[in-house]
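Enquirer: Below you'll find the structure I mean.
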Amino acid sequence: MKAREKLDQLKAKLGPAIRRADIPSDHCLFVFVEASALKAVCEYVFRDLDARFITSIGADDRSFSGSFLVAHNFAFDRDHLLCSILTEIPASQPCVESISTVVPAANWAERELRDLVGIELSGHPYPKRLVLPDGWPDGVHPLRKDIPWNFVPDDYDDEREFKFDEPPEGCTVVPFGPFHPTLDEPAHFRLYVEGERVRGCEYRGFMVHRGIEKLAESVLGYNDIPIMAERICGICGCVHNVTYAQAVEAAAALQAPPRAEYLRSILLELERLHSHLLWVGLACHIVGFDTLFMQAFRIREPVMWIAEKITGNRKTYGLCVIGGVRRDLTPALEDELRQVLARLETEWQAVTAAVLQDRNIQKRTRGVGVADRNLVKEAGLIGPVARAAGVGIDCRRDHPYAAYDRVDFDVITAPDGDVWSRLVVRAREVFESIKIIRQCLDKMESGPIQLEIKDELPVGRLGISSVEAPRGECHHFVITGENNRPRRWRVRAPTYQNLQGVPAMIKDQQLADMTISLGSIDPCFSCTDRLETIDLRSGAVKVWSPEELLKLARARGIAAESSAKESDES
Amino acid sequence: MSLTSKFKEAMVGLKAGRVTLDYPAHPRPVPENFRGRPIFDAQKCIGCAACANNCPAREILVLDVCQEVRILKYLGRRCTYCGRCSDVCPEKAITMSHEFETATNKISDVHQRLDLFMSTCQRCGRCFKETSPLEQLKLKGYRFDDLENERWIFRSRSFLESEPLVDDIKIELD
């Protein structure tokens, strides 16, 4: 009923702009609007109807409908409704009005669709290149259907340099990333520092963009993609695996059997357990409290082992295929899982009893990296970051999937929005996950774990799915297609939104708090783009340019390779 | 109180004792269900190439030398041990072994090559029933993957090359 209600509200306000609408279920709404009214509709949905922005999607639909597609996805969390505002853009003039001025959270997603699909944005407040590498030629957009999956541009320009913004007056630039001892993934923050205070920053990421979406749309098949999807993330892979399967199932109107849904919930919660334990450990490591880092990892290990016993691998579960799951849980494994949970619960109680009273950690994390309710709304922050700011959003409750509508649990929130609150939220969520797994084990009925699929999947249907990953909402958008593979598959991982909140979180705080502020959402840092060598005898200083360094490194690499070859031959 | 919490934290650590495993001197046995390196059984294999068609990493190549001989080559370089090949195998000819320490200097150590005798289907030459439409053979007919350069070839031909290794019949499929 809610979907109907929202559509009526939209029609009453912006009637002529709405071309057609589709309500595939009570919890899902697709609205096709005129391109000229896209911004007004999004503004109304985001501001007046108070929806949460999820992501923007661009799709090259030219060979099927003759036009490009742009979609802006929103969530009505209280109404259990996911909504997609779509518009068709003529192939002759791929240009759309940017919504980033009214929906600031759409900044990255819009730049991504400009880079990858080549839909120009008019009126974007910061139209800088985001995803494509610096040397990639302009005007070539890899996600267009006429670009092959293994395309290598001839005019790739290795020499082209990234133009950084000018730092504000009186600030020094401190480069932060792509490599830094405390964080594991490459991302570059160019911090503007005044004394010890961070005044702002420029982010540069997407250094490990792997083109998984392109592969899925051109090479892989429906059931290959779940295996690839779970390799999107090194910690919460199962989440992508399940979200993708659910999105395709939603598009093709398939329903996984109940036992498969319980199994999905159990494995998702196991993943949350190991991810939260890992995060608490890493956060403690970042603030210099290595005892708990070690203990958190020790407590986490049995969770990895039981996952290995159930699925065959400790991390990449390979759980889902479309229409179900691949492996069942035997009674013996159920018992063992209960034992693991019981031990984990007592051990984690001991840890939280100690840590949540620890004043040293509190001093290091209270009032640090604050994200308030306003930032949560504007930047579209999600997951523990939003819940720690008192915004109780959780897809497991708001957009129930798998077996979450059949279990009881609390959504943990904390009021302050700082790193400490995030630590408290994550530490307490561990107990909720244990509770959920136990209920699933109790309620799980026997039966098939895979749906028998007799027909090919319908073509050109839309499907969206949101899953609460340990880091926040993970969202997938699928358009089903020909040749046993989706026509378009868009992945929005939780960090995509949360990273956009980091500049505001670190503003005006100590440089030393940068690591834990960034770490508290879960993403990276330290490199200089030059190297100095000092000749000890003469004391002469030589500054190496990036080109010289590259040459040197490559020469060494070739030398090493040829010496290896020689030893091989001998 | 911070002092009591420090004491409690110390207790958590002391209670745990030593947990580090004596690896690699004493490897921990892997569980029953473990997905390690897939092992291909040439005795059971019927050469349907379902594994090659459903390998997400595209690590299984198929070459039809002639009507009677099909070569199936598992490369194992990018193999993620996902076990899809063993799932879709109609003859259960692929088992996920317990091997996982497969690092090597010589990549051919992990290769597996099956030279299969194929009986001729009088109707179509090369056709096999898929388990579900989602596992359908995306490349039907004769396959000519590039074994020499270990490359998957994306187009499939329904007839043999003009000069097959063995003089053979030519059948059009589609």
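Enquirer: Can you send over the carbon and sulfur percentage of the accessible area for segment A:67-209, probe radius 1.4 Å, protein chains only? It would help to have the intermediate numbers written out before the result.
Expert: Values: 3370 of 6590 Å².
The C+S portion of the solvent-accessible surface of segment A:67-209 is 51 percent.
Enquirer: Separate question: Would you calculate a helix-derived [θ] at 222 nm for the protein assembly as shown, using -39,500 (n - 2.57) for each DSSP H run of n ≥ 4 and dividing by the full residue count, to the nearest 500?
Expert: The helix contribution divided over the protein assembly as shown gives -10500 deg cm²/dmol.
Enquirer: Assuming a viscosity of 1.002 mPa s and a temperature of 20 °C, what translational diffusion coefficient in µm² per second does Stokes-Einstein assign to segment A:2-132, Rh being the Kirkwood radius over Cα pairs?
Expert: 145 µm²/s
Enquirer: Heavy-atom accessible surface, probe 1.4 Å, ligands and DNA/RNA ignored: which residues of segment A:337-367 lose at least 50 Å² versus the isolated chain?
Expert: Flagged in segment A:337-367: A:354, A:359.
Enquirer: For residue A:321, enumerate residues with amide H under 5 Å from its amide H, sequence gap 5+ or separate chain, H modeled in the peptide plane.
Expert: Residues meeting the amide H criterion: A:326.
Enquirer: Could you work out Rg/(2.2 N^0.38 Å) for the protein assembly as shown, with Rg from alpha carbons only? Mind dumping the intermediate values first?
Expert: Details: Rg = 27.3 Å, N = 744, 2.2 N^0.38 = 27.1 Å.
That ratio works out to 1.01.
Enquirer: Sorting A:208, A:385, B:30 by accessible area (1.4 Å probe), largest first, what list results?
Expert: A:208, B:30, A:385
Enquirer: Something else now. What's the total accessible area buried between chains A and B, using a 1.4 Å probe, rounded to the nearest 100 Å²?
Expert: On the way: alone 24660 and 11680 Å², together 33070 Å².
It comes to approximately 3300 Å² buried between A and B.
Enquirer: Of B:6, A:163, which has the most accessible area with a 1.4 Å probe, and how do the rest follow in descending order?
Expert: Largest accessible area first, the residues go A:163, B:6.
Enquirer: Calculate, for the protein assembly as shown, the solvent-accessible area per residue in square angstrom, rolling a 1.4 angstrom probe over the heavy atoms of the protein chains.
Expert: Using a 1.4 Å probe on heavy atoms only, each residue of the protein assembly as shown averages 44 Å².
Enquirer: Quote the accessible area belonging to residue A:39 in square angstrom, nearest 10, computed with a 1.4 Å probe and with ligands, DNA and RNA left uncounted.
Expert: Solvent-accessible area, nearest 10 Å²: 50 Å².
Enquirer: Work out which residues of segment A:204-232 lose at minimum 30 square angstrom of accessible surface when the other protein chains are put back, relative to the chain isolated, with a 1.4 angstrom probe, and list them by number.
Expert: Buried by the other chains: A:219, A:223, A:224, A:227, A:231.
Enquirer: While we're on this one: For residue A:192, tell me the accessible area in Å² from a 1.4 Å probe, rounded to the nearest 10.
Expert: 20 Å²
Enquirer: Please give the charge dipole size of the protein assembly as shown, origin at the Cα centre, charges +1 on K and R Cβ atoms and -1 on D and E Cβ atoms. Round to the nearest 20 debye. Could the numbers behind the result be given before it?
Expert: On the way: 98 positive and 109 negative charges, 287 e Å.
Dipole magnitude for the protein assembly as shown comes out near 1380 debye.
Enquirer: For a quick check of understanding: with a 1.4 angstrom probe and all protein chains in place, what accessible area in square angstrom does residue A:22 have, to the nearest ten?
Expert: Answer for residue A:22: close to 80 Å² accessible.
Enquirer: Just in segment A:412-493: which trypsin sites (Lys or Arg not before Pro) are loop by DSSP and have at most 15 other Cβ atoms within 10 Å?
Expert: In loop regions of segment A:412-493 (DSSP not H, G, I, E or B), the sparsely surrounded trypsin sites (Lys or Arg not before Pro) are A:454.
Enquirer: Quick one: order A:261, A:194, B:32 from most to least accessible surface, probe 1.4 Å. Write out the running numbers ahead of the final one.
Expert: Details: A:261 25, A:194 85, B:32 160 Å².
If we order A:261, A:194, B:32 from most to least accessible, we get B:32, A:194, A:261.
Enquirer: How much of the accessible area of segment A:212-492, probe 1.4 Å, is carbon plus sulfur, in whole percent?
Expert: Of the solvent-accessible surface of segment A:212-492, carbon and sulfur hold 50 percent.
The values are calculated or read from the model by the stated rules, or taken from the named source; none is laboratory data. Small disclaimer: the values here were computed from a predicted structure and weren't measured. When we count neighbours, we look across all protein chains shown, and the Cβ atoms used for this are built from the backbone with ideal geometry, even at glycine. The protein model used for the area step is the full one, side chains on, heavy atoms only, and it has no ligands, DNA or RNA in it. Shrake-Rupley method; radii C 1.70, N 1.55, O 1.52, S 1.80 Å.
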